[in-house]
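> Just passing along the structure, written as structure tokens.
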Amino acid sequence: MRKPNQHSSIPAPGEGKRGEEGYLGYLLRQAAGAHRLRMDRALGDLGVTQPQFVTLTMLAAYPGLSNADLARLALLTPQTLSVIVANLERAGSLMRKPHAVHGRIQHIDLSDSGRALLKKCRERVQAIEAELTEGLSAAEERAVRRWLVGIATADS
């Protein structure tokens, strides 16, 4: 836990509107920010950020995606994803090949070194995932998962 700032009236996470009295949307955003920070810290020495991990994960699950499809799946803007893909390609973690029919579209796949990197990342991320569900029963975890999916699919 962080030390309270004696010169500020900003509540710490879990206090005031940043706690159980806060708006659910804000609490989701606060939790997502905390999760991303944990991910970045866990993957930092591997030279991988949370958005890069998501990109590698989605490519492993759905090989041969285009930049546009990958951006939608990874919940990133096409511009951000282009930078991520270029950096991962430069590092040798993925490769691009032209689409068989549409010459301008490029398919992206993991390289062997990208798969090895993803394996190392997954080991660390699984520990973080376990922390997220710590203290939840299997039924509670399913309820949380259903709730989050319901929020994500409400407007689709």
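> Is there a residue being touching a helix residue (DSSP H, G or I) at 6+ places or on another chain (Cβ under 9 Å) and more than 24 Å from A152 (Cα to Cα) anywhere in the range 49-67?
At the first step, the residues of the range 49-67 found to be touching a helix residue (DSSP H, G or I) at 6+ places or on another chain (Cβ under 9 Å) are 49-62, 65, 67.
Checking which are more than 24 Å from A152 (Cα to Cα) leaves us with none.
No - not one qualifying residue is present in the range 49-67.
> Evaluate the range 22-36: report whether one residue or more is part of a helix (DSSP H, G or I), of a type in the set (S, T, N, Q) and within 30 Å of H107 (Cα to Cα). Walk me through how you get there before you give the answer.
Residues of the range 22-36 that are part of a helix (DSSP H, G or I), as a first pass: 24-36.
Right, trim to of a type in the set (S, T, N, Q) and you get 30.
Filter once more, keeping what is within 30 Å of H107 (Cα to Cα): none.
No, the conditions are met nowhere in the range 22-36.
> Right, something else. List the residue pairs whose Cβ atoms are under 6 Å apart, where the first residue sits in the range 3-29 and is modelled with pLDDT of 90 or more, the second is part of a loop (DSSP other than H, G, I, E, B) and surrounded by 13 or more Cβ atoms within 10 Å (Cβ to Cβ), and the two are 6 or more positions apart or on different chains.
The qualifying pairs are R18/P11.
> Can you go through S66, S111, S8 and tell me which one is in contact with a Ser or Thr (Cβ under 7 Å, 6 or more places away or on another chain), surrounded by fewer than 18 Cβ atoms within 10 Å (Cβ to Cβ), farther than 27 Å from L132 by Cα and not hydrophobic (A, V, I, L, M, F, W, C)?
Values: S66 fails: in contact with a Ser or Thr (Cβ under 7 Å, 6 or more places away or on another chain); S8 fails: in contact with a Ser or Thr (Cβ under 7 Å, 6 or more places away or on another chain).
It is S111.
> Working carefully through the options A116, A100, A138, A143, find the one that is within 27 Å of D45 (Cβ to Cβ), surrounded by fewer than 13 Cβ atoms within 10 Å (Cβ to Cβ) and among the aliphatic types (A, V, I, L, M). Steps first, answer last, please.
Numbers: A100 fails: within 27 Å of D45 (Cβ to Cβ); A138 fails: within 27 Å of D45 (Cβ to Cβ); A143 fails: within 27 Å of D45 (Cβ to Cβ).
That would be A116, the only listed residue that is within 27 Å of D45 (Cβ to Cβ), surrounded by fewer than 13 Cβ atoms within 10 Å (Cβ to Cβ) and among the aliphatic types (A, V, I, L, M).
> Looking only at residues in the range 119-135 that are within 18 Å of A42 (Cα to Cα) and small (G, A, S), which one is surrounded by the most Cβ atoms within 10 Å (Cβ to Cβ)?
This residue is A127.
> Quick check: anything in the range 84-101 in contact with a Pro (Cβ under 7 Å, 6 or more places away or on another chain) and modelled with pLDDT of 95 or more?
Taking every residue of the range 84-101 in turn, at least one turns out to be in contact with a Pro (Cβ under 7 Å, 6 or more places away or on another chain) and modelled with pLDDT of 95 or more.
> Please return the ranges of helices (runs of 4 or more DSSP H) entirely within the range 38-156 where 2 or more residues are over 15 Å from the mean Cα position of the chain (by Cα), hydrophobic (A, V, I, L, M, F, W, C) and within 20 Å of L28 (Cβ to Cβ). Walk me through it before giving the result.
Numbers: elements: 50-61, 67-74, 78-90, 112-133, 138-153.
The qualifying helices (runs of 4 or more DSSP H) are 138-153.
> Which one of the conditions (1) surrounded by 11 or more Cβ atoms within 10 Å (Cβ to Cβ); (2) modelled with pLDDT of 95 or more; (3) polar (S, T, N, Q) does Q106 fail to meet, given that it meets all the rest?
Against the list (1) surrounded by 11 or more Cβ atoms within 10 Å (Cβ to Cβ); (2) modelled with pLDDT of 95 or more; (3) polar (S, T, N, Q), Q106 comes up short only on (2).
The values are calculated or read from the model by the stated rules, or taken from the named source; none is laboratory data. Because the structure is a prediction, the values reported are computed rather than measured. Glycine gets a Cβ as well: all are built from the backbone with ideal geometry, and neighbour counts include every protein chain shown.
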